[in-house]
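These notes concern the structure reproduced below.
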Amino acid sequence: MSTDHLHKMTTTETSGLRDAVATSCRVLAANGHDDLIWGHSSARDPEGRGVWLKSAEWGLGEVTADRVHLVSPEGDVLVGDGVRHSEFPIHTEVMAARPDVGGVVHTHPPHAVALAATGQDLRPVSHAANLFVPPGVPRFTDTADLVLTRELGRSVALSLGSARAVFLVNHGIVAVGASVQEATVAAIVLEQACQQQILTHSAGGWPSWSAPEESLAKRENIYHERALDAVWDFLVRTLPPL
Ligand SMILES: [Zn+2]
């Protein structure tokens, strides 16, 4: 599925969007992002009403289209049922600050949380981190508590800047993409990159990593648009049944 096709889907089909968010949640659960009932992903509403967001009190692996609802920037549930995640401002405020973003993932993947808590910058010690570095993954440190207000959501967006992901230090990650599919792939590659860096450091020796020029070349060669689409398709094909 090409990114163009994904874009068309996100602008024409609300039911397709609900399905995409539900699939994103289940893909995240199956790929290192499961944390009991916590973590969520969203897609921008093509009509500008807010975000299609996973509803609360479900594990990521249990999310079906009817467990995704439309939430306004004020936090009102406009379409659908269920309890709203209290951290909705992460999604609505990042989307407000980044018109290029169509999907947002917020999860608590263990290796990313561990690496961010050490204070180390993410380094491209394997392929994975080259999706993010340069410029790198910035660090949000205003609070390690939940992002419950629009003001804190704006602050997360400010920390993210133009990057593809931000560490919420001692809490989790936020990853973004042009679509919820792209944001999901980014979140999974980020956790891979952090796991690889922790493995590298724990092995001792004198770690090396790519210089920025090589990182940019690797991004173009490995993580080009068609490959990211193919990764999404692979993740959907290998999803365990509900
Ligand atoms: Zn959280």
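Checking F167 against (1) more than 13 Å from the ligand (Cβ to nearest atom); (2) in contact with a strand residue (DSSP E or B) (Cβ under 7 Å, 6 or more places away or on another chain): exactly one of these is not met. Which one?
With respect to (1) more than 13 Å from the ligand (Cβ to nearest atom); (2) in contact with a strand residue (DSSP E or B) (Cβ under 7 Å, 6 or more places away or on another chain), F167 is out only on (1).
Only residues that are within 16 Å of the ligand (Cβ to nearest atom), buried (at least 18 other Cβ atoms within 10 Å of the Cβ) and not in a strand (DSSP E or B): list them for region 35-57, please.
Of everything in region 35-57, those that are within 16 Å of the ligand (Cβ to nearest atom), buried (at least 18 other Cβ atoms within 10 Å of the Cβ) and not in a strand (DSSP E or B) turn out to be G39, S55.
Looking only at region 64-107, which residues are open to solvent by 40 Å² or more (accessible area, probe 1.4 Å) and either within 17 Å of A20 (Cβ to Cβ) or within 16 Å of the ligand (Cβ to nearest atom) (or both)?
Result: D66, R67, V79, V83, R84, S86.
Could you grab me the full set of residues in region 78-112 that are part of a helix (DSSP H, G or I) and under 26 Å from R44 (Cβ atoms)?
F88, P89, I90, H91, T92, E93, V94, M95, A96, A97, A112
Open to solvent by less than 10 Å² (accessible area, probe 1.4 Å) and in a loop (DSSP other than H, G, I, E, B): is that true of P124 in this structure?
On the way: open to solvent by less than 10 Å² (accessible area, probe 1.4 Å): yes; in a loop (DSSP other than H, G, I, E, B): yes.
So P124 fits the description; yes.
Which is among the basic types (K, R) and over 17 Å from V71 (Cα atoms), of R150, R139, R154?
Answer to the selection: R139.
Which ones in region 63-78 are touching a residue at least 60 places away in the same chain (Cβ under 8 Å) and under 28 Å from N31 (Cα atoms)?
If the condition is that a residue be touching a residue at least 60 places away in the same chain (Cβ under 8 Å) and under 28 Å from N31 (Cα atoms), then T64 is the only one that fits.
If we scan region 152-161, do we find a residue that is within 19 Å of A29 (Cβ to Cβ) and either among the acidic types (D, E) or within 16 Å of the ligand (Cβ to nearest atom) (or both)?
No, region 152-161 contains no residue that is within 19 Å of A29 (Cβ to Cβ) and either among the acidic types (D, E) or within 16 Å of the ligand (Cβ to nearest atom) (or both).
Being at pLDDT 95 or above and within 16 Å of the ligand (Cβ to nearest atom) is true for just one of D229, D145, D233. Which residue is that?
D145
So L115 ticks every box in (1) under 25 Å from P212 (Cβ atoms); (2) under 14 Å from the mean Cα position of the chain (by Cα) but one. Which box is left unticked?
Here L115 clears every test but (2).
Do you know which residues across region 108-123 are away from the ligand (no atom under 14 Å from the Cβ) and more than 16 Å from R164 (Cα to Cα)?
Residues satisfying the conditions are H111, A114, L115, A117, T118, G119, Q120.
Since H111 meets every condition but one in (1) open to solvent by less than 30 Å² (accessible area, probe 1.4 Å); (2) within 30 Å of L199 (Cα to Cα), which condition does it not meet?
Single failed check for H111: (1).
The values are calculated or read from the model by the stated rules, or taken from the named source; none is laboratory data. Keep in mind that what you see is a predicted model, and the values were worked out from it rather than measured. With ideal geometry, Cβ positions are generated from the backbone for all residues, glycine too; neighbour counts draw on all protein chains shown. Surface accessibility is based on the protein's heavy atoms, side chains included, excluding ligands, DNA and RNA. Shrake-Rupley method; radii C 1.70, N 1.55, O 1.52, S 1.80 Å.
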